[in-house]
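What follows is a short report on a single structure.
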Amino acid sequence: MKIKNLFIAPVLLLMLVGVVACGSSKKTDDTEATEKKVVIKAPAFDADSAYAYVKAQTDFGPRIPNSQAHRNCGDYLASQLEKFGAKVYNQYADLVAWDGTILKSRNIIGAYKPESKKRVMLCAHWDSRPYADNDPNADNHYEPVMGANDGASGVGVLLEIARQIQIKSPEIGIDIIFFDSEDYGTPEFYVGLFKPHTWCLGSQYWARNPHIQGYFARYGILLDMVGGKGATFYREPYSYRTARKEVKKVWEKAHELGYGNWFINQEGAEVTDDHVYVHSIGRIPCIDIINYDPNCERSSFGPTWHTVNDTMENIDPNTLKAVGQTVMDVIYNEK
Ligand code: AHN
Ligand code: ZN
C-alpha cells in the first residue's frame with residue numbers, strides 16, 4: 001500500500017498540473033475568441049409574411065413556362081422586388097427544352113447596393129414543373145405541379161428577405177436571383193436516349209450571360225424546397241466540395257440559432273440543381289439548401305416532390321423560418 005502510493009502520488013501531481021495548465025490556457029483562448037468574434041443579430045425573419053408570398057405565387061396557378069400564370073407571376077415577382085427597393089433586371093431568353101419546346105424564359109434579379117464590390121447572391125427557381133411524373137398515381141404524370149414547395153417556397157423566403165433588407169440593410173451588397181425554367185427537365189416517362197443538361201436552363205443561361213458584365217459574388221446560396229413539413233437539410237455533396245466554408249458557416253449558424261432539427265450535420269444526396277451551373281459555368285461557389293429525406297421511399301426530396309400534392313397544405317411556416325432566419329443571420333454578419 002505504501003509503495004503503491006509512492007508511485008501514484010507524482011502521477012496525480014502531474015495530472016493536477018496538467019488540468020490547471022489546460023484550464024488557464026483554455027481561458028485565454030476563450031477570451032481571445034470572444035474579443036474577435038462579434039456576432040451581429042439579424043432582424044427577425046417573419047415566417048407569416050414569407051408564407052403569404054409563397055401562397056401569392058400558387059394563387060397564379062402552376063407557373064409553367066409559356067403559360068399565362070407564368071407571365072403573371074413573373075410580373076408580380078419583378079414588381080415585388082421593385083417595391084422592396086431593389087434595382088431590378090429582367091433577363092428574357094428563349095430556351096430550348098428537352099423535347100424541343102421553346103420556353104419563353106425570364107430570370108429576375110434584384111440588386112441591393114449595386115455599387116458595392118462585396119456581394120453575396122441568394123437564389124431560387126420560380127418556375128414550376130409541367131409534369132407530376134413522380135406522383136403515386138400514374139394518371140397524374142402529365143398533370144402540372146403546383147410547386148408550393150418546389151419553386152414557390154425558396155422565392156417566398158427571398159421576397160421576405162428583400163422586404164427586410166429594405167427596412168435595414170446588411171453591410172454587403174445582395175443580389176436576389178429568381179431563375180426560370182429549372183424544372184422542365186426530361187420526365188421519368190421519357191424512354192429515348194439520355195439528354196444531359198435539361199434541368200436548370202435559366203441558371204445555365206444566366207451563368208453564360210450574367211445580368212452585369214463581369215458579375216462577381218463571393219458566394220451564392222440556393223434555396224430549393226425549403227418549406228415542407230418536417231423538412232430536413234443535409235450537406236449536399238457538390239456544395240460541400242466546391243463551397244465547403246460556406247456550407248459550414250450556414251450549418252453552424254443554423255445550430256447556433258436553434259435550428260439543428262432542420263439542418264443536419266450529415267451528408268445527403270448530390271443533386272443537379274442551379275448551384276451546379278452557378279459554379280461550373282459562372283465560377284461562383286454556391287451552396288444548395290435543399291430538402292433531403294433519407295427515409296422517404298417515394299423520393300429523397302420528400303413525399304410531395306413532383307406530385308400533385310405539392311400544395312400549400314404541405315407548407316410549414318416553421319421550416320420557412322428556420323431557413324430564412326439562418327440565411328439572414330449569415331448575410332447580416334458579412335463585412
Ligand atoms: C434532378 O432531379 C435532376 N434535380 C433536382 C433538381 C430539382 C428539381 N429541384 C427541384 N426540382
Ligand atoms: Zn422540381
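For the chain, what are the DSSP H helices with axial Cα length of 27 Å or more and mean Kyte-Doolittle hydropathy of at least -1.0?
On the way: long enough: 2-36 (51 Å, 0.41).
Membrane-span-like by this criterion, though nothing is claimed about a membrane: 2-36.
Could you work out the local net charge near residue 181, counting Lys and Arg as +1, Asp and Glu as -1, over the other residues with Cβ closer than 12 Å to its Cβ? All intermediate terms of the calculation are to be shown ahead of the outcome.
Numbers: positive: 63, 104, 106, 129; negative: 94, 127, 180, 182, 183, 274.
Once all neighbours under 12 Å are counted, the net charge is -2.
Please find the FRET efficiency linking residue 79 to residue 104, where r is the Cβ-Cβ separation and R0 is fixed at 22 Å, and quote it to the nearest 0.05.
For residue 79 and residue 104, the calculated efficiency is 0.75.
Counting Lys +1, Arg +1, Asp -1, Glu -1, what net charge surrounds residue 330 among other residues with beta carbon under 13 Å of its beta carbon?
+1
How much of the DSSP bridge set in the chain is antiparallel, in percent, rounded to the nearest 5? Each step should come with its number before you reach the end.
Details: 17 of 36 bridges.
The antiparallel proportion sits near 45 percent.
If region 148-200 were replaced by its equivalent ellipsoid, with semi-axes equal to the square roots of 5 times the Cα gyration tensor eigenvalues, what would those be, largest first, whole Å?
Working: eigenvalues 242, 30, 6 Å².
They are 35, 12, 5 Å, listed largest first.
What aspartates and glutamates could a cross-link reach from residue 248, if we take a straight Cα to Cα line under 17 Å and drop same-chain neighbours fewer than 8 places away?
Leaving aside aspartates and glutamates fewer than 8 places away in the same chain, those within reach of residue 248 are 236, 256, 267, 270, 288, 329, 334.
Between residue 229 and residue 248, what length in nm is gained on full extension when 0.36 nm per residue of separation is reduced by their alpha carbon distance?
Numbers: separation 19, 0.36 × 19 = 6.84 nm, distance 2.40 nm.
That pair, residue 229 and residue 248, stretches by 4.4 nm at full extension.
Antiparallel as a % of all DSSP beta bridges within region 210-335, to the nearest 5?
20
Simple spin-label model, 7 Å along Cα-to-Cβ: residue 281 to residue 142 in nm?
Label-label distance for residue 281 and residue 142, simple model: 3.0 nm.
Rounded to the nearest 500 deg cm²/dmol, what is the calculated helix-only ellipticity per residue at 222 nm for the chain, with -39500 (n - 2.57) per DSSP H run of length n ≥ 4?
Numbers: 9 runs with 126 residues, N = 335.
So the helix-based figure for the chain works out to -12000 deg cm²/dmol.
Expected output is a single nm value to one decimal: the length gained when fully extending between residue 209 and residue 298, i.e. 0.36 nm times separation in residues minus the C-alpha distance. What is it?
Working: separation 89, 0.36 × 89 = 32.04 nm, distance 3.64 nm.
Difference between extended and current length: 28.4 nm.
Local charge sum around residue 221 (other residues, Cβ-Cβ under 9 Å, Lys/Arg +1, Asp/Glu -1)?
-2
Using +1 at the Cβ of each Lys and Arg and -1 at the Cβ of each Asp and Glu in the chain, identify which of 186, 146, 300 lies farthest towards the dipole's positive end.
The listed residue farthest towards the positive side: 300.
What are the extents of the Cα atoms of the chain along their three principal axes, in Å, largest first?
90, 47, 36
Quote the FRET efficiency, to the nearest 0.05, computed for residue 66 versus residue 168 with a Förster distance R0 of 41 Å and r equal to the Cβ-Cβ distance.
0.60
Read-outs throughout are calculated quantities, based only on the coordinates presented, and are distinct from any laboratory measurement. All values derive from a computational prediction rather than experimental measurement. Virtual Cβ from ideal backbone geometry, glycine too; neighbours counted across all protein chains shown.
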